[in-house]
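The structure appears below as C-alpha cells.
The values are calculated or read from the model by the stated rules, or taken from the named source; none is laboratory data. Worth saying up front: this structure is predicted, and the values here are computed from it rather than measured. Please note: Cβ atoms are built from the backbone with ideal geometry, for glycine as well, and neighbour counts cover all protein chains shown.
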Amino acid sequence: MNMGVGIYNVLCLAVPFSVAILVAALGENFNQRAGVFNLGCDGIMCMGAFLGFMLPYSVKTGALAPYGNLLGLACAMAVGAAFGLLFALVTVTFRASQGIAGIGLQMLGWGLSGTLFRHFVGGVTGVEGIASMPIPGLSKIPFLGGVLFSHNPLAYVAFLLVPASWFLLYKTPWGLKVRAVGTHPRAADTMGIRVDRTRYQALMLGGAMAGLAGAYLSLCQAKMFSDDLVAGRGFIAVALVYFGRWSPLGILGGALLFSIAQSFQLSMQVWGIKFPYEFAVMLPYVLVIVVLALARKARQLGPTDLGKPYNREMRF
Amino acid sequence: MTAVPEPISDLQLEGITKRCPGVLACDGISLQVRRGEVLALVGENGAGKTTLMNIIMGLYRPDSGSIRVNGEEVHFRAPGDAYARGIGMVHQHFMLVPNMTVAENLALGLKNLHHFLRLDLKGAAQKIREVSERYELPVNPDAYIWQLSVGEQQRVELVKTLCLGARLLILDEPTSALTPQETDDLIERLQRMASELAIIFISHKLNEVKALSDRVSILRHGAVVFNGQTANHEPAELAALMTGHEVTLPRNEGSGLQGEPLLTVKKLCVRGDRGNLALDGLDLELREGEVLGLAGVSGNGQRELADALAGLRPVESGEIRFNGRDLANRSPREIIDAGMGYVPEDRQTEGIVPSFSIKDNLILKDFAAKQFSRWSFLARKAIDRNAEVLKEQFDIRCPGTSTAAGSLSGGNIQKVILAREISRGPKALVAVYPTRGIDMGAQEFIHSQLLERRREGIGIVLISEELEEVMNLSDRIAVIYKGRILKVLPAVEATRERLGILMAGLVDPDPPPAADAPSIPAAGAAHE
C-alpha cells in the first residue's frame, strides 16, 4: 500500500466528515458567545436531518420535485430556528437550568424525529439527495483538487461559514452585542443593549445552523434517514466549541482533527490492519477528550457568563 | 452622538419618594446640583443613596416626586433617556466587558457607530482620544479591559461616560476598589474636571468628601438629614450626622503591654497566582498583646502572606513559627487548632458560606467540637444558643439567626466573621482589610473589638490599605513592599507622609518630617 495514496484517501474522506460537526459547532459558538450553551444541539440536528430527508422524499413525484432538496434545507433550518426559539424561551425567559433544558431538547429532537420517521416512512428508503459538485478547473489540481475541491456544495458553504462567522462576531454591531451579553450582561444592559433579545437571536441562528448540519447528513452524506444517523455529533459539536476556545478558526481546527481521526480509523479497517475495530471506532472520541483535558484553560477571551441566566433585578 | 437639547446645567430633585417592599427607601428627598459643582452624597449602607441614583438614571420609577433638568420636568424610563439629557453614572462595580477593548466597550453604547454589517471602531477610538485629551484622562482605546489595572478601568469608565454625552456624572463609591495612590489620583483628576461638569459623588469616606466636594448632603434612613457647605464642617461632625450619633473611631493608646513573641515568620517565600515569588524572604514578628499593622499598596504580597498564615497557599521555603511550632505548609485545620484566627480579605466568598444561615456560619470552624455535636449529629440547641449570644454580643443586625448570611450588609457579615473568630478564643488573629467598604458605625465597632482583644493579650496582624486605620490601631507598623518588609516602625513615629514614601518603596526619610506637612489629597501629586 502506497503511503501517499493512503494519506490522500484519508484526507479526501475527512473533509466531508467534518462538514456536519463544523456547521453545528459554528452555530453552537454563537449560542455560547451569547452566554447560553445548548446541549440540545444533537436533537436539533436529528430534526434537521429528518426534515431534510422528509421534504424531498414526500415531493418526489409532485410538481415541486425539482425544488425538493432546497425545500428540505430550508425546512431543516426553519425547524432548527424554531427549536432554538423554544430553548430561548425556556432558558432565557424562564431562566431554567441550561444543562437540563439542553438534555431535554436533545431527547425531544431525537425521539420526535424517529417517531415521525416511523409513522410517515417506516423502512429504509433512500433519496437522491444533493450530488457532489467538483469545481471545474480547481478540482483537477493534483492532490489538492481531490482533497479540497471535489465535494458536495454544502461542504464549500460550511468552509465559507468559518470566515463569515468570524466576521459576524468581530466586525459587526450584532457580534459585539453577542460577545457583550455572554461576558458581562449587566454592562451590556447599562449600555442600552437588550440582553434577552440578543440571546434569543443568537440561539435561533445557532439552531438554524444545527438544523442545516443535520440536513447535510441526510441529504448529502447518507442520502437516507435513520434514528442513529446523527450519532452524537451534536455533542461533539458542543465539545468542539470549548476545544476551539470560542474562535471559528479554532473550531475548524478541531473539526478537522476529529474527522481526520474518524476517516483514519475507517481506512484502517479498509486496509485490513489487524486491530480490534471497537477500539478504532473509539479513537476520534478519545482524541477529543484527551485534547480537551490537556488544552490550556484560557477563559480570558471566552464568554465568562456562560451558563448563567441574566436577571436585571438580581443584586451581585 | 445623541442630540442634546442643551447642555445640562442644573438638576433638581423634589420630594422623591420610593417605597420598596418593607422599607421606605427614599422619603421625600430634595436635592439640587449645578454645573461646576461637586455634591457629595453621604450615608451609611442602606441609607438609600444607590436607590436614589437608580431613580435618576431611569432604572427605577419613583412613587412620587419630580426630576427637573434645567428647570424642565423629565421622566426617564431607561438609562438611555438619562444619557440623552446628559446624565451618566459610573457604577460601583465596573460595567466593562473584560474580553473586549476599550473602543469596543464604548461602541456598545454609541448606536450611531452601528452600521449594517459594519462596526465603526475607528470612530469610537477617535471619540475616546478626543475626550481623554480634553479631560486629561489618558486611556488607550485598543487595550483590552482585562489587561488594565483597577485604577485604569476606573478611568475608562469615566471616559466612556463622558463619550456617551454625560455632563452630569454620578459616581457611586468610585474609590472603594482603588488603592490609596489611585484614590488620590482620581480625586485630583475629578477636581480638575469639576469646573466644566456637575458631579454627584457618593461615598462614606469622609476625608475624600472633604477633599473633593463643594456641598454635602447626608442621607439617613432614606431622608436628607443635612445639607451644607463642605468647607464649614469637620469630618467628625459629618460622621455624627451620618450615623445619628457621635462617632469617635477608637485609638490604640499604646500602653506598651507587649509580651513574648507569639508568631515569628522567617525568610518566607510564597508564590503568587501567576507563579511569581510574591513573598521573597519576608521576616515578621508578632508579640502577645500587640497590634502589628501591615501597611502597603495592595499587590505587594499581602494576600499571599495572609493565605500562607492561614494554610491556604503552599510555602516555598522559610518558616512560620507560632507558639513554638512551625506551621508552614500545615493544613488549615492544624493551624486553626493551634489558635490562629483569620478574617479573610474576601468576606463574601472566603469568610462565610453565603447560603448558610448565620448560626451555621458561626460554627463553621467548630461544627465537630464537643459542644456543637453529639455522636456526629449537630447539636441544634447549642448552635442556636451560641448564635443568640453572639448576635447580642457583636451587635449583628439581622431579622433572625436563621437568615442566610449572604443577605446581610457588608458590615454585618464582617461582624459574623469576627464573632466566630473571636469567640473561639484564638491566640493570634490575622485580619485582612477588616473594614473595607464598611460604614462608619460598623467600623467603629470592629475597631473597638480588635483593641479589646489586644488588651486581653491576643496578637493581631492587621493588613490594611487605609493608613488612618493602621495608624489608629497599631502598636508597630510594618511596611510591605515587593514581598518583603521594608521597615518596621513604632506607630508613634509614623506619619502619613513617611508611610506613603515607604509604601512607594523609597528610602525612609529619617527623621520624620515636620507635623505641618501637607495633608491628605496632596499625596496624589507624587504620581505622574
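Observations on the structure shown:
- None of B:E345, B:E316 is more than 29 Å from B:S407 (Cα to Cα) and not aliphatic (A, V, I, L, M) except B:E316.
- Qualifying residue in region B:122-130 (condition: more than 9 Å from every other protein chain (Cβ to nearest Cβ), at pLDDT below 90 and surrounded by fewer than 19 Cβ atoms within 10 Å (Cβ to Cβ)): no
- Which listed residue, of B:P180, B:P98, is within 29 Å of B:G299 (Cα to Cα) and either more than 14 Å from chain A (Cβ to nearest Cβ) or polar (S, T, N, Q) (or both): B:P180
- Within region A:170-186, the residues that satisfy the criterion of being assigned to a helix (DSSP H, G or I) and either more than 7 Å from chain B (Cβ to nearest Cβ) or buried (at least 23 other Cβ atoms within 10 Å of the Cβ) (or both) are A:Y170, A:W174, A:G175, A:L176, A:K177, A:V178, A:R179, A:A180, A:V181, A:G182, A:T183, A:P185.
- Which numbered condition B:G259 misses (of (1) surrounded by fewer than 20 Cβ atoms within 10 Å (Cβ to Cβ); (2) in a loop (DSSP other than H, G, I, E, B); (3) in contact with a helix residue (DSSP H, G or I) (Cβ under 8 Å, 6 or more places away or on another chain); (4) touching a residue at least 40 places away in the same chain (Cβ under 8 Å)): (3)
- The set of residues from region A:69-122 being buried (at least 18 other Cβ atoms within 10 Å of the Cβ), over 14 Å from A:F53 (Cα atoms) and of a type in the set (F, W, Y) comprises A:F83, A:F87, A:W110.
- Here region B:433-452 is the region considered, the condition is being acidic (D, E) and closer than 23 Å to B:T183 by Cα, and the residue that is surrounded by the fewest Cβ atoms within 10 Å (Cβ to Cβ) is B:E444.
- Total residues in region A:140-165 satisfying the condition of being closer than 15 Å to A:C12 by Cα, without any contact (Cβ under 8 Å) to a residue 12 or more places away in the chain and exposed (fewer than 15 other Cβ atoms within 10 Å of the Cβ): the figure is 4.
- Only a single item in (1) closer than 23 Å to B:G46 by Cβ; (2) in contact with a Pro (Cβ under 8 Å, 6 or more places away or on another chain) is not met by B:G411, and it is number (2).
- Matching entry among A:G48, A:G35 (being within 14 Å of A:G109 (Cβ to Cβ), modelled with pLDDT of 90 or more and surrounded by 24 or more Cβ atoms within 10 Å (Cβ to Cβ)): A:G48
- Verdict on B:V38 being away from chain A (no Cβ under 14 Å), closer than 26 Å to B:V209 by Cα and touching a residue at least 12 places away in the same chain (Cβ under 8 Å): yes
- Cβ-Cβ under 6 Å pairs, at least 6 apart or on other chains, region B:64-88 side within 14 Å of another protein chain (Cβ to nearest Cβ), far side among the β-branched types (V, I, T) and buried (at least 23 other Cβ atoms within 10 Å of the Cβ): B:G88/B:T161
- Filter result for B:R347 (outside the structural domain of B:D283 (by TED's automatic domain parsing) and of a type in the set (K, R)): yes
- The condition of being among the charged types (D, E, K, R), part of a loop (DSSP other than H, G, I, E, B) and either modelled with pLDDT of 90 or more or closer than 25 Å to B:G441 by Cα (or both) holds for only one of B:R420, B:R385, B:R397, that being B:R397.
- Taking region A:101-145 as the range and being part of a loop (DSSP other than H, G, I, E, B) and under 21 Å from the mean Cα position of the chain (by Cα) as the test, the residues that pass are A:G129, A:I130, A:A131, A:S132.
- Among the candidates A:G109, A:G146, A:G114, A:G137, the residue that is within 27 Å of A:S218 (Cβ to Cβ) and either of a type in the set (K, R) or at pLDDT below 90 (or both) is uniquely A:G146.
- Contacts under 9 angstrom Cβ, first residue in region B:375-391 being at positive phi, partner loosely packed, with under 14 Cβ neighbours inside 10 Å, 6 or more apart: B:S376/B:A368
- Residues in region B:161-177 that are more than 13 Å from chain A (Cβ to nearest Cβ) and in a helix (DSSP H, G or I): B:L162 only.
- Taken over region B:106-121, residues that are at the interface with chain A (Cβ under 8 Å from one of its Cβ atoms) and under 29 Å from the mean Cα position of the chain (by Cα) amount to 2.
- Scanning region A:225-242 for residues that are among the charged types (D, E, K, R) and touching a helix residue (DSSP H, G or I) at 6+ places or on another chain (Cβ under 7 Å) turns up A:D227, A:R233.
- Residue count for region B:131-160, restricted to those that are outside any helix (DSSP H, G or I) and more than 12 Å from chain A (Cβ to nearest Cβ): 11
- Test: residue in region B:233-241 that is closer than 24 Å to B:S30 by Cβ, part of a strand (DSSP E or B) and of a type outside the set (S, T, N, Q): no
- Residue match in region B:68-85 (condition: assigned by TED's automatic domain parsing to the domain that holds B:W146, acidic (D, E), in contact with a helix residue (DSSP H, G or I) (Cβ under 9 Å, 6 or more places away or on another chain) and surrounded by 14 or more Cβ atoms within 10 Å (Cβ to Cβ)): no
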